[in-house]
Amino acid sequence: MGTFFHKLESKEMNTDYLTGLYNRRGLSEVWQSLAEDAVVHCLYIDVDNFKLVNDIYGHAKGDELLVFISVLLNTTFDGQLVVRMGGDEFVVFCDGALARADMEARLHSLQDKIRRGDFDVSVEKLLSFSIGVSYGQVVRTGLHIILEQADVAMYQVKKNGKGHFVVYEDIRVRIEEEKLIKERAVLGYIWQELRILYRPVAYIQTSDIYAVETVIQWDFPGRGMFAEEKFMPILRQYSIDIQLGRYVLETVCAQKQRWRDTEFDKIEFYVRLSGRFFLQKDSAAIIAGCLEKYQVGYEEIQLCIEENDFAENGEKLYAVAQSLLDAGFKVAVDNFASSSLYVLQRIPSQLIKLDANLLAKTQDNKKSIYILRNVISLGRDLECGIVAQGIENTAQVKMLASYGAQFGVGDFYGTPCDEASFLEKYRDRLFATRNLCPTRFLFAQHLTDEKKEYTGVFAGTGLTFTTGVYEGQGAICLPGGKVGENCIHLPKEVMYSDSYSICFWVNPDTAQPWTSLIYITYMDGFMSLMPNSGHGDLFFRIKDDREPDEWHDIICRRAVPGQWSYICVTFDVITHIGKLYFNGLMVGSRENMPDLKVVDQILLGGDEYQDSFAGKLAEVEIYHYALSADAIGDKFKAYQQMPAFQGTDGKK
């Protein structure tokens, strides 16, 4: 030991019997000999995986390792005070005159030496040190306080991967803040200071508001608003996250009740609760009781569970999630793709909220772009809604839309706000109300829709305008032609919703086999409506390029040449049921219809395989949800009451 630290005369009671290093008592006595204004550096060292060495190789090998480490420490920190605190923990006090660069060089050397196999090659892969460092401490600060600081820094290393060092001074502000958070939470001040805010979940193709995400913030006295990520880990340590879950659920349900009979009556809320909340006894009954108290339907709340919670809690949480789904609740996987894909095999969730880092890492990084694209594709193949988080700009919106993500959250759409601000900002942007009206092409001497948002382009010659199925209704006469000729190209943005209904009147000139009247191509297949097949039937067909059994057809009798027929098709992305209607009556339906991603083109009057359609087409309506059978029946009956109606009497 160097001259800076006093060497004790009485050695036996002050030293560790195994390693010969000073023990706690010896440290205390040496400390008392130091001048109060002396400056020291403190290292608190824990041997990573020491228990594993003991369990695998036995305690004798563990004792050998401790002796080896004591020699290693004395060699690396020659002339400094090396102490065994007990078990696999050591402390080194160094002369404060040593430069920080010198200290850190020694720390790196120490890690290298323990890992290079000088002790035992068979265990070298297991070994490293977690080290907490407190630089430049004055002795008068007190031994206990200095040790506590270095120990806190060492704990941060253990918590974040082991095998390196953390300097207390670098984390001091955060540690002190965490201590304040713990105190105010434990004492109950948190319940007066929490704020539940609301952030819009947008439908990416239109930017309309589809749902509401709850955001928890803490209005912390003297320090401003704390984000949930800052205080939630501390609340978990003291089981306060369970109380917080009840508080959030109660607040959201009360909010839903206040919004009854408003535009936001049925809007869905995304509510993230901790894994520990779901693991408490009777969690399903607690959730059900809260929803029933405020008369909130199960379908109005998405219970969001973080992917990491599944990883940490294993089979118990999987079982709870499955029981919630069986009881009729909605369960979403939150921050997906942060750890494992296994959760998707276990939980049949209908909604996946992607980890914001997936999007953040795509800037100038092709690998990250490919990962994001394929994660979205995987979710869509599993028939899940995809919520992209962390959206900040238009370029990200365009990219996500092109990959098939349906929903988005981020500052681009709106920051978290209180109830009054949310109502003011978003009451006129609700997807559920703005998208009830269809996009309607009336063909009144032009190819622009009724709201003047979209205009079709005719590629060819011979298109004319005429009257439709009743007095005052416009129609077009498509001249037919070879493959790809004389078709109308509609903007692909017309089909922005995954669920849809397409209704129209058609009057073929002849029975053209397999010719498409409406043809929509997607990233992974196509949809076609063929008034006449080679077998004399009308086909609603979806072709899925991803499946060996790629044809999905619904069939009814053909549209008779020279007669007006009213055709409607619907597809619901939630149920994956497609339906076909002829003259107001449902004539066929099919389950497990595929959900195709990202529209590439929309053609009226032809496709890429057959000669183009010849005949009349009137009043094409595209709805952005699946119409009910009653609604379609009522529409047909309304047409029959129009002046000079030229259609049928409604027979199939």
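The values are calculated or read from the model by the stated rules, or taken from the named source; none is laboratory data. Just so it is clear, the structure is predicted and the values come from calculations on it, not from any experiment. Cβ sites come from the backbone with ideal geometry, for glycine too, and all protein chains shown count toward neighbours. These area figures cover heavy atoms from the full protein model, side chains too; ligands, DNA and RNA do not enter into them. Shrake-Rupley method; radii C 1.70, N 1.55, O 1.52, S 1.80 Å.
General remarks:
- Nearest-10 value in Å² for the accessible area of H552, using the 1.4 Å probe: 10
- Listed peptides 518-530, 249-261, 573-585 by packing density, highest first (mean Cβ within 10 Å): 518-530, 573-585, 249-261
- Computed over the chain, Kirkwood Rh from alpha-carbon pairs, angstrom: 30.0
- Interchain or long-range residues, amide H under 5 Å from R272's placed H: T214, C304
- Taking the DSSP beta bridges with both ends in the chain, the antiparallel portion is around 80 percent.
- Relative contact order of the range 264-421, defined on C-alpha pairs under 8 angstrom at six or more residues apart (%): 16
- Inter-probe distance in nm under a simple model that places probes 7 Å from Cα toward Cβ, at R223 and E608: 5.8
- Ranked by the mean number of other Cβ atoms within 10 Å of their residues, highest first, the peptides 612-623, 342-353 come out as 612-623, 342-353.
- Label point of Y370 set 7 angstrom out along Cα-Cβ; within the range 499-530, amide nitrogens under 20 Å from it belong to 524.
- Computed over the range 511-652: relative contact order in percent, which uses C-alpha pairs under 8 Å that are six or more apart: 25
- Gain on full stretching of the segment that runs from K398 to V457 - 0.36 nm per residue minus C-alpha separation: 18.9 nm
- Theoretical gain in end-to-end length, Q237 to Q646 [0.36 nm per residue, Cα-Cα removed]: 139.9 nm
- With respect to the chain, whose longest principal axis is taken over its alpha-carbon atoms, helix 283-293 is tilted by about 50°.
- Inter-centroid distance (Cα atoms) of the range 310-330 relative to the range 9-73, Å: 46
- Pair E591, Q192: separation of 7 Å Cα→Cβ label points (nm): 5.6
- Rolling a 1.4 angstrom probe over the chain with all protein chains present gives an accessible area of which 50% lies on carbon and sulfur atoms.
- Residues in the chain average 44 Å² of solvent-accessible surface per residue, probe 1.4 Å, ligands and nucleic acids excluded.
- Peptides 461-467, 68-74 ranked from most to least packed by the mean count of surrounding Cβ atoms within 10 Å: 68-74, 461-467.
- Candidate cross-link partners of K256 among the aspartates and glutamates, defined by an alpha-carbon separation under 20 Å and a same-chain spacing of 8 or more, comprise D208, E213, D265, E268, E292, E299, E300, D418, E419, E424, D428.
- Averaging Cα coordinates gives a centre for the range 540-609 and one for the range 442-459; these two points are 23 Å apart.
- Helix 228-237 and the long axis of the chain differ in direction by around 60°, with both axes built from C-alpha atoms.
- Too-long pairs where the Cα-Cα distance tops 27 Å, listed order kept, from K366/K597; K367/K543; K162/K281; K451/K492; K316/K353: K367/K543; K162/K281
- The listed residues W191, W218, once ranked by accessible area (1.4 Å probe) with the largest placed first, stand as W191, W218.
- Sorting K125, K637, K543 by accessible area puts them as K125, K637, K543; the probe is 1.4 Å, largest comes first, and only protein heavy atoms count.
- Proximal aspartates and glutamates relative to K125, as straight alpha-carbon distance under 14 Å, when same-chain residues fewer than 8 apart are discounted: D48, D112
- Using C-alpha pairs under 8 Å with a sequence gap of at least 6, the mean separation divided by the residue count of the chain gives a relative contact order of 9 percent.
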